[in-house]
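Reading through the structure tokens given below for one structure.
The values are calculated or read from the model by the stated rules, or taken from the named source; none is laboratory data. All values reported here derive from a predicted model rather than from experimental measurement. When we count neighbours, we look across all protein chains shown, and the Cβ atoms used for this are built from the backbone with ideal geometry, even at glycine. Note: areas computed on protein heavy atoms with side chains; ligands, DNA, RNA excluded. Shrake-Rupley method; radii C 1.70, N 1.55, O 1.52, S 1.80 Å.
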Amino acid sequence: MKSPTIEFINHASVIISHENVSVLSDPWFNGTAFHSGWRLMHELKDAEVINILKKITHIYISHEHPDHFRPTFFASKEIKSIILEKKIEFLFQKTKDKRIVNFLNNQGFKVVELKPNQKINLNSNIKVEIIRFGFYDSSLIFETPEFKILNLNDCPLKDVNELKKFKKK
């Protein structure tokens, strides 16, 4: 059986692909974040971003920080059009305030909110689970029959005890 692939895109953005499923995480491809205090080492051209969107099936947003969730990116007419046309689904953790989910729904996007410890099937061989970490961050487990890929993103696991506790989740 063919192994899943992981493709680095930019900053916290990767694509995890297997079979007919491709999950893009935290798309930040241009502009600055945190009041222009952060900038990317390399910004992607519009054509590169469009090519990325054309090959994915899902977008996972780990949390609300502007280097992970960019409302202006999703509100762009061209980006929005591709996401809607391809019926790309968003994966996000269930939160009380629902700010991200409401924003995405208001754009017309389909959002799957995952409760803690909830696994969902993206196809017959691929499951995903979002594990909340701390107040707002999360990680994604991408699971095939042969592999588990953990995208920790910004989850700050600092010592062995935190790793053990996280592993139990």
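For PHE73 paired with GLU48, estimate the spin-label separation in nm (one decimal), with each label point 7 Å from Cα along the Cα-to-Cβ line.
A separation of 1.3 nm, rounded to one decimal place.
Test of understanding: in a Gaussian network model of the chain with alpha carbons linked when under 10 Å, which of ASP26, ASP154, ASP97 would top the mean-square fluctuation ranking?
Greatest mean-square fluctuation among the candidates belongs to ASP97.
Lys and Arg at +1, Asp and Glu at -1: add these up for the other residues within a Cβ distance under 14 Å of LYS110 and post the number.
Details: positive: LYS80, LYS86, LYS87; negative: GLU85, GLU89, GLU113.
Around LYS110, the charge tally is 0.
Cα-Cα over 31 Å: which of LYS45/LYS87; LYS2/LYS168; LYS127/LYS165; LYS45/LYS167? The partial results should precede the final answer.
Numbers: LYS45/LYS87 23 Å; LYS2/LYS168 28 Å; LYS127/LYS165 22 Å; LYS45/LYS167 38 Å.
Going by Cα-Cα distance, LYS45/LYS167 fall outside the 31 Å limit.
How many percent of the accessible area of the stretch 1-50 is carbon or sulfur, using a 1.4 Å probe? Provide the component values of the computation, followed by the final result.
Values: 1590 of 2880 Å².
Carbon-and-sulfur percentage of accessible area, whole number: 55.
Only Cα pairs under 8 Å and at least 6 apart count here; give the relative contact order of the chain as a rounded whole percent.
15 percent
Hey, what's the Kirkwood Rh for the stretch 40-169 if you take every pair of different alpha carbons, in angstrom?
Details: mean 1/r = 0.0625 Å⁻¹.
Hydrodynamic radius (Kirkwood, Cα only) of the stretch 40-169 equals 16.0 Å.
Say we join alpha carbon atoms closer than 10 Å with springs in a Gaussian network model of the chain; which of LEU157, LEU24, LEU44 then has the biggest fluctuation?
Largest GNM mean-square fluctuation: LEU157.
Could you give the spread of the C-alpha atoms of the stretch 126-169 along their three principal axes, from largest to smallest, in whole angstroms?
The principal-axis extents, from largest down, are 29, 21, 14 Å.
Where nothing but the Cβ of Lys and Arg (+1) and of Asp and Glu (-1) is charged, how large is the charge dipole of the stretch 1-130 around its Cα centre, in debye to the nearest 20?
Numbers: 18 positive and 14 negative charges, 77 e Å.
The calculated dipole for the stretch 1-130 is roughly 380 debye.
Enter the accessible area per residue of the chain (Å², integer; probe 1.4 Å; all protein chains in place). Mind dumping the intermediate values first?
On the way: 9680 Å² over 169 residues.
I get 57 Å² per residue for the chain.
Which residue, LYS77, LYS110, LYS54, tops the fluctuation ranking in a GNM of the chain built on C-alpha contacts under 10 Å?
So, out of LYS77, LYS110, LYS54, the one fluctuating most is LYS77.
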